[in-house]
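Engineer: I'd like to ask some things about the structure below.
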Amino acid sequence: MQRHPETEKIYLEIGFRSPYPNDSLKTIELFGVPGEKRGSGESVVSEKVKRFFDDLMVSKIFRESRRLPDCDFEYLKIWLYDTETTNKERGYRIPTIDNRDLKINPTTSASKLEGIYVLDNELTDREYERWKKNARSLFAPLFGQFIAPPDASSAFSDRSIADNPLVKLMKPAFEVLETMTDAVDPYARMKQRLFFNALIIQVD
């Protein structure tokens, strides 16, 4: 039997270039993206994970930036941030947040994102107000991208519930529902199992 090389879970940085060469925003870098270290020593992020972040976050930001005529953001760094994980447990470094940074609150309670923190750029007066307005306009729509459908499979993870005869009877229906959900939203399961609940963004 063929043996597959063992993989080690790691967190990587991936970059995206804007498909709109004439726009101000040129590059977005993501930090803390789940990857794998293969037996050969190569560190990679799967194509599915790349598409997930590109479709739900990166492409959305590039498109939104085109609609903001006075937005001069050129380069973004975005850290995937779980507020309940300690720095020691996280596996990668994140910037320190303080009260000078801009916090954008969720636009919907259904979002898996609980907050977006935009690091202070040390701007003042009108420049700061313009920067804040553009940051809110550009990043607030991301909350709507991370709304997960109900996770029917979670009902079967609890042994006491899974052994219930009624639950066993309904399991095929739940499986059909999950299949339909995957067909409508190919990222449904990834949203349900999201490992971060906030973003930290640096604007340059």
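Read-outs throughout are calculated quantities, based only on the coordinates presented, and are distinct from any laboratory measurement. Bear in mind the structure is a predicted one, so any value in this text is a computation, not a measurement. No Cβ is skipped: glycine too gets one built from the backbone with ideal geometry, and neighbour counts run over all protein chains shown.
Engineer: Compare the peptides 138-149, 60-71 by average per-residue count of other Cβ atoms within 10 angstrom and give them in order, highest first.
Structural biologist: Ranked by mean Cβ neighbours within 10 Å, highest first: 138-149, 60-71.
Engineer: Moving on. List every residue whose amide H lies under 5 Å from the amide H of residue 12, counting only residues 5 or more places away in sequence or on a different chain, with H placed 1.01 Å from N in the peptide plane.
Structural biologist: The list, which skips near neighbours in sequence, is 32, 33, 35.
Engineer: Give me 190, 57 ranked fewest to most by other Cβ atoms within 10 Å of their Cβ, as a rough exposure proxy.
Structural biologist: Fewest-to-most Cβ neighbours within 10 Å comes out as 190, 57.
Engineer: Kindly put 118, 45 in sequence by how many other C-beta atoms sit within 10 Å of each C-beta, fewest to most.
Structural biologist: In order of increasing Cβ crowding within 10 Å: 45, 118.
Engineer: Sticking with this structure for a sec: For the pairs 9/48; 26/60; 26/132; 103/133; 9/88; 50/77, flag any whose C-alpha to C-alpha distance is greater than 18 Å.
Structural biologist: Violating the 18 Å limit, Cα to Cα: 26/132.
Engineer: In addition: For region 119-124, take each phi angle, set θ = phi - 60°, evaluate the Karplus expression 6.51 cos²θ - 1.76 cosθ + 1.60, and give the result in whole Hz per residue in order, putting x for glycine and proline.
Structural biologist: Coupling constants for region 119-124: 5, 4, 9, 6, 8, 9 Hz.
Engineer: Sticking with this one: In terms of modelled amide H atoms, which long-range or inter-chain residues lie less than 5 Å from the amide H of residue 82?
Structural biologist: When sequence neighbours closer than 5 places are left aside, the close amide H contacts are 197.
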